[in-house]
Amino acid sequence: MTRLDWEEIRYLIAAEKSFVLHAPRQTGKTSTLLAMMDVLNQSGEYTALYMGVESAQAARNDVAGGMKAIVGSLVEGAANRLKDVRLREWRESVWEIHAEFGAFRELLSRWAKDNDKPIVLMIDEVDALVGDTLISLLRQLRDGYIGRPGVPFAQSVILCGVRDVRDYRIHTSHNEIITGGSAFNIKAESLRMGSFSQAETEALYAQHIAETGQVFDPAIFPELWEDTHGQPWLVNAMGHELTWKDKAARDRSTPITLEQYRAARERLIYSRATHLDQLADKLREPRVHAVISRLLAGNALATGDMPSDDLLYVEDLGLIRRFPVMEIANRIYREVIPRELTYST
Ligand SMILES: Nc1ncnc2c1ncn2[C@@H]1O[C@H](COP(=O)(O)OP(=O)(O)OP(=O)(O)O)[C@@H](O)[C@H]1O
Ligand SMILES: [Mg+2]
């Protein structure tokens, strides 16, 4: 996979740096983190743990509830994924003393001190958190980070989500707006994970072809690239439509023609798949709406006067590409989006 610079990641971890990894929805963030966790654990150099924080989402500005859920993910993650139950033993006493503003940091610190290998922690879906809970998490990570090496802490923390957490504007319950960058305040790298390249997209289909012997008309591949530009969900969903949803094609001696490809593409576009529905949700946000409607009006230059923050946001969501020219990210989105815009306006 060329989508991530593994060298860079290994370097950052070895250099004890924390960093942000972000990519649009359904690009393989979670799969990548889980794979990274296994690789790091197998290397024998680190203890790596993946944890999600969606469970804290419902707590919103209830920091105690939110942090309790996050501490729970850490403790149970270590127990279930690593068979390390020490955190379960420490949890209660640490929470009694440090509670929502320090228990997470303190548990990580205690774990780092007691563990024979440095700890790499991957926190997924950070953007599920909002408000005071997110600020508390970021500040505890920062406190732990800057307290080293005097006070043990994780070797590296990887924050993962759709957006670069340093760009978030976080609304506190006191009506302040704090940026993620100032709360996290770690001079950390931010890596963006891309979509598949054209070669990777074709390699994925080549795997199916090699396994089943099914014949694909080569004329399909340039179309597939235009349609998806390597967006991983679209690439997988097109494959599924072509070789499974089309019942005749389940018989692997049935060759896949360009005509079948076109029919599969139409079915996908009209399928109301969740991924495509999520695009529609995003279009309800005024700043997304503004950028997209200008692009659809056919004038990429007209976006020149738009706040670059908004453009970056829409790019982070995976809706547009900015290089070599600014445009909607792929041909399927270009068809789905106008339809959604007319529905939602
Ligand atoms: N290396 C890969 N090869 C093939 N398919 C992949 C690869 N990585 C991800 N995918 C596909 O992309 C989809 C999304 O994967 P995953 O859940 O890891 O992404 P995500 O970015 O965490 O998504 P979300 O934004 O919903 O959390 C999955 O359906 C998976 O099949
Ligand atoms: Mg995910």
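Derivation of every value follows stated rules applied to the coordinates shown; laboratory data play no part. A quick note: this is a predicted structure, and the numbers were derived from the prediction, not measured. Neighbour counts are summed over all protein chains in view; Cβ atoms, including those assigned to glycine, are modelled from backbone coordinates with ideal geometry.
For the peptides 126-134, 94-102, residues were scored by their other Cβ atoms within 10 Å and the scores averaged per peptide; the highest-first order is 126-134, 94-102. Listed values for segment 220-228 are Karplus-derived 3J(HN,Hα) couplings in whole Hz (6.51 cos²θ - 1.76 cosθ + 1.60, θ = phi - 60°), namely 5, 5, x, 5, 4, 5, 4, 5, 10, and x replaces Gly and Pro. In this structure the amide hydrogen of Arg192, modeled in the peptide plane, comes within under 5 Å of the amide hydrogens of His22, none closer than 5 places in sequence on its chain. A straight chain from Ser173 to Arg81 at 0.36 nm per residue would run longer than the Cα-Cα distance by 29.7 nm. Farthest towards the positive end of the charge dipole of the chain, among the residues Pro232, Val63, Ile9, is the Cα of Val63, using unit charges on the Cβ of Lys, Arg, Asp and Glu.
If you take all other residues with their beta carbon under 11 Å from the beta carbon of Ala264, and give Lys and Arg +1 and Asp and Glu -1, the sum is -2.
A convex hull fitted around the alpha carbon atoms of segment 274-344 yields 80 Å³ per residue.
Dipole magnitude for the chain: about 240 debye, using +1 per Lys or Arg Cβ and -1 per Asp or Glu Cβ, origin at the Cα centre. For the chain, the relative contact order works out to 18 percent when only alpha carbon pairs closer than 8 Å and six or more residues apart are counted. Peptide packing for 259-265, 63-69 was compared via the average number of neighbouring C-beta atoms within 10 Å per residue; ordered from the highest value, the list is 63-69, 259-265. Here the Karplus relation 6.51 cos²θ - 1.76 cosθ + 1.60, evaluated at θ = phi - 60°, turns the backbone of segment 21-37 into coupling constants of 10, 9, 6, x, 4, 6, 10, x, 5, 5, 4, 5, 4, 5, 5, 5, 4 Hz, with x for every Gly and Pro. Relative to the dominant Cα principal axis of the chain, helix 274-283 is inclined by about 80°. Find out how many positive minus negative residues lie around Ala69, taking Lys and Arg as positive, Asp and Glu as negative, among other residues whose Cβ is under 11 Å from that of Ala69. Around Ala69, the charge tally is -3.
About its Cα centre, the dipole of segment 1-88 is roughly 280 debye, where the only charges are +1 on Lys and Arg Cβ and -1 on Asp and Glu Cβ. Taking the C-alpha atoms only, the angle from helix 63-82 to the longest principal axis of the chain is near 80 degrees. Computed from label points 7 Å out along Cα-Cβ, the spacing between Asp5 and Arg322 is 1.7 nm. Computed from the C-beta positions of Arg60 and Glu92 and an R0 of 22 Å, the FRET efficiency is 0.30 to the nearest 0.05.
Computed extension gain for Thr257 through Glu226, at 0.36 nm per residue and net of the alpha carbon distance, reaches 9.5 nm. Is there a pair in Lys68/Lys117; Lys83/Lys245; Lys68/Lys245; Lys83/Lys282; Lys247/Lys282 whose C-alpha atoms are over 31 Å apart, and which pairs would that be? As for pairs spanning more than 31 Å Cα to Cα, those are Lys83/Lys245; Lys68/Lys245; Lys83/Lys282; Lys247/Lys282. Helices in the chain, meaning DSSP H runs of at least 4 residues, each add -39500 (n - 2.57). Divided by all residues, the mean residue ellipticity at 222 nm is -17000 deg cm²/dmol.
Evaluated with a Cβ-only charge set (Lys, Arg +1; Asp, Glu -1), segment 6-192 carries a dipole of roughly 180 debye about its Cα centre, given to the nearest 20. Normalised by residue count, the chain yields a Cα convex hull volume of 159 Å³ per residue. DSSP bridge analysis restricted to segment 6-192 gives an antiparallel fraction near 15%, rounded to the nearest 5. Given their separation in residues at 0.36 nm each and the Cα-Cα distance between them, His275 and His208 gain 21.8 nm when the chain is fully extended.
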